[in-house]
Amino acid sequence: MGHGLIGPEHLLLGLVRGNKEIASEFRAIGLPLERLRTLAKRQLNQEPESSLPVYSTALRQLLKDLPETAPVTPKDLLKRLLEDKSAWCYTLIASTGELSMVHHWLFSDDS
């Protein structure tokens, strides 16, 4: 994306791009990768650029808090990205008007 800071938004885009189940579900509810990428670029263009790739504080915290003993699925990562209502990824999905659909899909199979 031409930005030196690696943050949760990159993880979100990677999950949508690299996981067939997530990509398919996001396309079905009107959030194809291209739309998310456009929204992400718009947001990232408002932030200062960095010449060296570094992990953002938010991404470091998200990765640090993952359980060490159980396998983490792509859906688990996506759930974590959307937990914090003040976080960038939550705001991005909310801005599309599709947050309830994403939330329903992610949490419908939880007990």
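No lab work stands behind these numbers, since they all come straight from the coordinates. Since the structure is predicted, the reported quantities are computational estimates derived from the model, not experimental observations. Positions of Cβ are generated from backbone atoms using ideal geometry, with glycine treated the same way; all protein chains shown enter the neighbour counts.
Modelled label-to-label distance, Phe107 and Ile6, 7 Å Cα→beta-carbon offset: nm?
Using points 7 Å along Cα→Cβ, the separation is 3.0 nm.
Suppose the chain between Arg17 and Leu63 were pulled fully straight at 0.36 nm per residue; how much longer would it get relative to their current alpha carbon spacing?
Difference between extended and current length: 14.6 nm.
Taking 0.36 nm per residue of separation and subtracting the Cα-Cα distance, what length does fully extending Thr91 through Thr38 add?
17.7 nm
What list do you get for Glu68, Glu83, Glu25 if you sort them by fewest beta carbons within 10 Å?
Glu68, Glu83, Glu25
Check the straight Cα-Cα distances from Lys79 and name the lysines below 17 Å, setting aside those fewer than 8 residues away within the same chain.
Partners found: Lys20, Lys64.
Expressed as cubic angstrom per residue, what is the convex hull volume of the alpha carbon set of region 5-107?
107
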